[in-house]
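For reference, the structure is listed below as structure tokens.
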Amino acid sequence: MHTPLAEPRRSIYFDYQVYPAHTASVNAAQVERRPVVIVGAGPIGLTTALDLARYGIPSIVLEAERQVSEGSRAIVFTRRSLEILQQVGVAEQVTAAGLGWRFGNSFYRNQRVFRMEAPHDADDRFPPMTNLQQPCLEQFLVDACQANPLIELRWGNKVTALVQAGDYATLDIDTPVGDYRLEANWVIAADGARSAIRGLLGLQLEGAAYEGRFVIADIKIELDLPTERLAYFDPNWNPGNTVLMHREPGNIWRIDYQLPRDETPEQALSADSLRERINAQLAIVGVQNPQWELDWCSVYSARALTLPKYIHDRVIFTGDAAHLLPIFGVRGANTGFQDCHDLGWKLALTIKGVAGPGLLASYSAERVGAAREIIAEAGKSTRFMTPPTPGHCLVRDAVLSLSLTQEFVRPLYHWRTSRPHDYVDSALNCKGDDNGLYTSGPHQGAPLLNIRLGDDQFLFDCLGASFYLLYFTDANEVPGDIQAQVQALREQGVPLQVLAVTGNRQGAISGADGVIDDHSGHLRSKYGARAGSAYLVRPDQHVCARWQQLGGQALRAAIVTALGNE
Amino acid sequence: MDNKQLTITDLETVYDQLADALDQAAEGKRELFLVKLALLSAQALGDAEQFMTLTRTALLDL
Ligand SMILES: Cc1cc2nc3c(=O)[nH]c(=O)nc-3n(C[C@H](O)[C@H](O)[C@H](O)COP(=O)(O)OP(=O)(O)OC[C@H]3O[C@@H](n4cnc5c(N)ncnc54)[C@H](O)[C@@H]3O)c2cc1C
């Protein structure tokens, strides 16, 4: 019998709500078959459910626990994550509750040796980074899921076995009153770093585990410091190691520090050790005799691992179940959001019978590619933060020392943050368009660039669960051949919307579903477009084709490719 | 490799300076000093490939 914790977890800043376990299915007369069952109600499982629901695809989410996750865990969310969360309807809450920021500082021997400034364009709705504790974010997602009639969230339901057969999988589920069975045409494994499903299928992650282990401690303290990333290299109290500080909402501060090599997690998390080290770090930021209260602490190790394939027959891996990434570039949850946003539309259109045979497979190709790129990139910052060998230690220490006076080594402090992945080599990209002729604007595979359209209005606000054709025009109608193809594609069930970007203050454009007034020419110039140009955007906001002059046939061919028919 | 070469006199100067600097660096800091010097020299050299060749040469006959 599965007995998840029934008492609310303790937290200074978050009121945990314990939900009743779903037990109605135990002893049911029949085994239910559902189109999609998602295992794990972490940020990625919940976002996947919301994303699928936008296409009308219902899902069941099975969650072993009866409440959201313990401790702050992922606290930094990137702009791209916010754009994805906007699509599933929770960005406003996250922005209101979170703290936006854009500066990162690296210190060595009390000197600031590097300052990173993440660009913030006036055309962006969301700041480069937003800090919010993971349980708070999960709560917004849980609320949105519970308000959605297409999503059934089953708390206290733990998957214990999985068998695949033909076009479905059977799950054994344990609950506080006994077990039951559930069949699913598709199982989404979003069950986190220790994925039970990964184990049940006997799959192995590939890659490297790094030596360094970090203590993560959240304390409540009032500090007169801005919301910026603070990194301290080789501080006097922790020689050779690195310490990070981040502000979280509610006067909570995250202090991450590396453990000395020979220390066990138990030693590191003892009350005396924590107090002494946290006080030593607070002294460095100028606080003497500090008063603080501990909220949560844990030990985390840097790993860079991925499954080589995310789709195994009817089981699809996403988020931490698919890969484990070093946290230094805030890549854990932020990568997961990009995974599930890539998956959502592909699975939905596959279930609806609109997709070609290659569409779902492109999820695995695109996201495994992204994970491998992240692993290579993350390895560089990880090797600088926690040098793995004596040679790395020496060179890193030499760089620290030189950085006090030598400008040229300072970029080595650069913290390579999670970036939106460019699917430049995707099989879904159009082969015969004018991508290469453009000198500006988002290229094939990249996410669309946001554009400010009004005081509180941005291009991304106009987007939803559909392909979009951004058609730049000075005329009053979209050309007939394009309209005809759009019509025909829609009749086949392809979700496709035409947004006319107008240069002449034309009001209504026949053949367009929406009009974006661009008489200032701002959007046009940022996108390198002119009258007759067009961008085709996938339902996950990544560009798959762009033309300087679009015709109807070219549009059809690009959509056929983008649906995985090649 | 570049044609620019040290004269015998220059080489003798470098020899003595390097030895003096190594003696000035505190015991236990000599490795660090040498790595810093290597990085500064690489920057002055401005050629990663040549630096690689030099690294391989220095690894010979240790
Ligand atoms: C201590 C710690 C600190 C972290 N700090 C950071 C950070 O600073 N920045 C960052 O980006 N990331 C951080 N992460 C990583 C981040 O939390 C994860 O990347 C993120 O939670 C991944 O989301 P997910 O939905 O894929 O998995 P999870 O959030 O792990 O969710 C998986 C869910 O599946 C459920 N589950 C598991 N097994 C079963 C089963 N058999 N049946 C049913 N349900 C099951 C679990 O209960 C859980 O709710 C941290 C993680 C930890 C553990």
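Below, the figures for the structure above:
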| item | result |
| --- | --- |
| Residue in segment A:103-113 that is more than 20 Å from A:Ala321 (Cα to Cα) and not in a strand (DSSP E or B) present | yes |
| Qualifying position, being touching a residue at least 40 places away in the same chain (Cβ under 8 Å) and open to solvent by 60 Å² or more (accessible area, probe 1.4 Å), among A:Gly445, A:Gly432 | A:Gly432 |
| Any hit, segment A:262-285, residues being touching a His at 6+ places or on another chain (Cβ under 6 Å) and of a type in the set (Ser, Thr, Tyr) | no |
| Positions within segment A:524-566 being charged (D, E, K, R) and more than 30 Å from the chain's Cα centre (by Cα), in sequence order | A:Arg530, A:Arg556 |
| Where A:Arg66 falls short, out of the listed (1) in a loop (DSSP other than H, G, I, E, B); (2) farther than 22 Å from A:Leu153 by Cα | (2) |
| Any chance A:Val424 is among the β-branched types (Val, Ile, Thr) and surrounded by fewer than 20 Cβ atoms within 10 Å (Cβ to Cβ) | yes |
| Inter-residue pairs, beta-carbon under 9 Å, first touching a residue at least 60 places away in the same chain (Cβ under 8 Å) and in segment A:140-157, second small (Gly, Ala, Ser) and in a strand (DSSP E or B), 6+ apart | A:Leu150/A:Ser59; A:Ile151/A:Ser59; A:Glu152/A:Ser59 |
| Check on A:Ala184, at pLDDT below 95 and either hydrophobic (A, V, I, L, M, F, W, C) or within 10 Å of the ligand (Cβ to nearest atom) (or both) | no |
| Wholly enclosed strands (runs of 3 or more DSSP E) of segment A:452-508 bearing at least 1 residues over 21 Å from A:Gly528 (Cα atoms) | A:496-502 |
| Residue ID - nearest to A:Glu138 (Cα to Cα), chosen from residues in segment A:39-69 that are over 19 Å from the mean Cα position of the chain (by Cα) and more than 6 Å from the ligand (Cβ to nearest atom) | A:Gln67 |
| Filter result for A:Pro226 (crowded, with 16+ Cβ neighbours inside 10 Å, part of a loop (DSSP other than H, G, I, E, B) and in contact (Cβ under 8 Å) with a residue 24 or more places away in the chain) | no |
| Residue match in segment A:504-523 (condition: surrounded by 19 or more Cβ atoms within 10 Å (Cβ to Cβ), modelled with pLDDT of 95 or more and among the charged types (D, E, K, R)) | yes |
| All positions within segment B:24-50 that are in a helix (DSSP H, G or I), within 13 Å of chain A (Cβ to nearest Cβ) and open to solvent by less than 70 Å² (accessible area, probe 1.4 Å) | B:Leu32, B:Phe33, B:Val35, B:Lys36, B:Leu37, B:Ala38, B:Leu39, B:Leu40, B:Ser41, B:Ala42, B:Leu45 |
| Residue within segment A:311-318 that is at pLDDT 95 or above, more than 13 Å from A:Val215 (Cβ to Cβ) and within 9 Å of the ligand (Cβ to nearest atom) present | yes |
| Qualifying residue in segment A:170-179 (condition: among the small types (Gly, Ala, Ser), more than 10 Å from the ligand (Cβ to nearest atom) and surrounded by 15 or more Cβ atoms within 10 Å (Cβ to Cβ)) | no |
| Candidate set from segment A:370-387 (those that are farther than 18 Å from A:Ala231 by Cβ and surrounded by fewer than 16 Cβ atoms within 10 Å (Cβ to Cβ)); member that is nearest to the other protein chains (Cβ to nearest Cβ) | A:Ala376 |
| A:Ser362 vs. criteria assigned to a helix (DSSP H, G or I) and within 24 Å of A:Ala189 (Cα to Cα) | yes |
| Subset of segment A:187-223 (residues that are over 28 Å from A:Ala376 (Cα atoms), within 16 Å of the ligand (Cβ to nearest atom) and either open to solvent by 30 Å² or more (accessible area, probe 1.4 Å) or not assigned by TED's automatic domain parsing to the domain that holds A:Ser72 (or both)) | A:Leu200, A:Asp218, A:Ile219 |
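Rundown of residues vs (1) among the aliphatic types (A, V, I, L, M); (2) crowded, with 18+ Cβ neighbours inside 10 Å, yes/no style:
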{"position": "A:Asn238", "(1), (2)": "no, yes"}
{"position": "A:Arg247", "(1), (2)": "no, yes"}
{"position": "A:Glu276", "(1), (2)": "no, no"}
{"position": "A:Pro290", "(1), (2)": "no, no"}
{"position": "A:Leu325", "(1), (2)": "yes, yes"}
{"position": "A:Gly329", "(1), (2)": "no, yes"}
{"position": "A:Gly336", "(1), (2)": "no, yes"}
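The values are calculated or read from the model by the stated rules, or taken from the named source; none is laboratory data. These numbers come from a predicted model, not from an experiment. Glycine gets a Cβ as well: all are built from the backbone with ideal geometry, and neighbour counts include every protein chain shown. Heads up: the accessible areas ignore ligands, DNA and RNA and are worked out on the full protein's heavy atoms, side chains in. Shrake-Rupley method; radii C 1.70, N 1.55, O 1.52, S 1.80 Å.
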